[in-house]
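One structure is given here, and the rest of the page talks about it.
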Amino acid sequence: MTYWFFDPYHQQQVTSPTPSSSQHLQIRAATSADLKAVAQIIAESFHSQNGFWGLVFPLLRLGIYEDLKHRLLLSSPHHICLVAVNTSVDGIQQLVGTVEMGVRVSDIWTRDNKRFLYVSNLAVHPEYRRHGVASKLLTSCEQVSQEWGFDDLYLHVLENNYQARQLYFKLGYKVHKVESDMNIFLFRQSRQILLHKHLHLDAST
Ligand SMILES: CC(C)(COP(=O)(O)OP(=O)(O)OC[C@H]1O[C@@H](n2cnc3c(N)ncnc32)[C@H](O)[C@@H]1OP(=O)(O)O)[C@@H](O)C(=O)NCCC(=O)NCCS
């Protein structure tokens with residue numbers, strides 16, 4: 001079986017091996033109509049809905065939605081939110097994953113003041129995990145970044161996020177920097193690791 005893998009930048013489709021069923025997966029740029037579903041997936045993936053957190057969950061989701069809407073409205077030439085849309089055998093479409101990528105200008109991480117692309121908010125609906133959705137979203141990020149003329153991608157992952165670390169290492173990301181241990185005491189229970197992937201700009205890679 002095959003499913004459609006959509007290149008959002010070239011507006012061009014290529015086939016890719018299907019995970020396990022005859023469903024079709026499309027990767028495309030998000031539109032404002034997708035934002036509620038995108039906010040839901042991000043909120044579910046990064047925030048608990050148990051106990052007290054269940055009460056504040058709608059607020060967290062609304063905050064994510066408003067932030068996304070704001071970033072989309074800015075129409076920055078070097079910002080994109082990608083979505084993975086699954087079409088079932090019955091023709092029902094469901095948004096099953098998302099990722100964002102944008103330019104950061106800072107010398108904090110790279111120490112050389114250059115503009116670089118930063119990947120964030122990668123999340124896949126729990127029922128669709130381990131079917132290659134995140135891998136395809138990240139591969140699309142690479143394609144878009146190469147079109148934009150960038151040859152490096154950066155992202156943060158928490159040290160205790162084993163599944164995400166496995167994903168990034170499998171796709172060729174390397175540790176660029178482990179953030180200060182102070183983060184453990186001040187902000188989080190786990191250290192943040194900055195990962196880096198160098199992309200080869202020639203067409204053969
Ligand atoms: C991390 C996440 C995005 C992975 O999405 P996914 O679509 O399931 O990932 P893929 O199917 O493309 O996985 C590719 C590879 O990543 C690794 N991987 C993914 N999930 C894994 C898990 N639960 N355990 C171990 N390895 C895992 C595996 O090497 C996998 O390859 P394999 O299935 O051939 O073994 C998803 O689990 C998620 O949304 N988690 C919550 C949000 C999050 O942590 N986002 C990342 C923030 S940095």
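Things to note:
- With respect to (1) touching an Asp or Glu at 6+ places or on another chain (Cβ under 8 Å); (2) in contact (Cβ under 8 Å) with a residue 24 or more places away in the chain, the lone exception for Met101 is condition (1).
- Of all residues in the range 39-79, those that are more than 25 Å from Tyr128 (Cα to Cα), modelled with pLDDT of 95 or more and of a type in the set (Ser, Thr, Tyr) total 0.
- Against the criterion of being more than 19 Å from Ser32 (Cα to Cα) and of a type outside the set (A, V, I, L, M), Lys69 does not qualify.
- Checked against the criteria, Gln143 counts as surrounded by 12 or more Cβ atoms within 10 Å (Cβ to Cβ) and part of a helix (DSSP H, G or I).
- The set of residues in the range 40-59 that are in a helix (DSSP H, G or I), under 17 Å from His125 (Cβ atoms) and over 18 Å from the mean Cα position of the chain (by Cα) contains only Phe57.
- Every residue from the range 130-146 that is within 14 Å of the ligand (Cβ to nearest atom), of a type in the set (Gly, Ala, Ser) and within 14 Å of Cys81 (Cα to Cα): Ala134, Ser140
- Where Lys170 falls short, out of the listed (1) within 8 Å of the ligand (Cβ to nearest atom); (2) under 23 Å from Leu74 (Cβ atoms); (3) among the basic types (Lys, Arg): (2)
- Scanning the range 123-140 for residues that are open to solvent by 20 Å² or more (accessible area, probe 1.4 Å) and in contact with a Phe, Trp or Tyr (Cβ under 9 Å, 6 or more places away or on another chain) turns up Lys136, Thr139.
- Filtered residue count, the range 67-104, keeping only those that are assigned to a helix (DSSP H, G or I) and loosely packed, with under 12 Cβ neighbours inside 10 Å: 3
- Number of positions in the range 37-55 that are among the hydrophobic types (A, V, I, L, M, F, W, C) and surrounded by fewer than 13 Cβ atoms within 10 Å (Cβ to Cβ): 4
The values are calculated or read from the model by the stated rules, or taken from the named source; none is laboratory data. Fair warning: this is a prediction, and the values are worked out from it, not measured in the lab. Reconstructed Cβ throughout: ideal geometry from the backbone, glycine too, with neighbour counts over all protein chains shown. Just the protein is used for accessible areas: all its heavy atoms, side chains included, with ligands, DNA and RNA removed. Shrake-Rupley method; radii C 1.70, N 1.55, O 1.52, S 1.80 Å.
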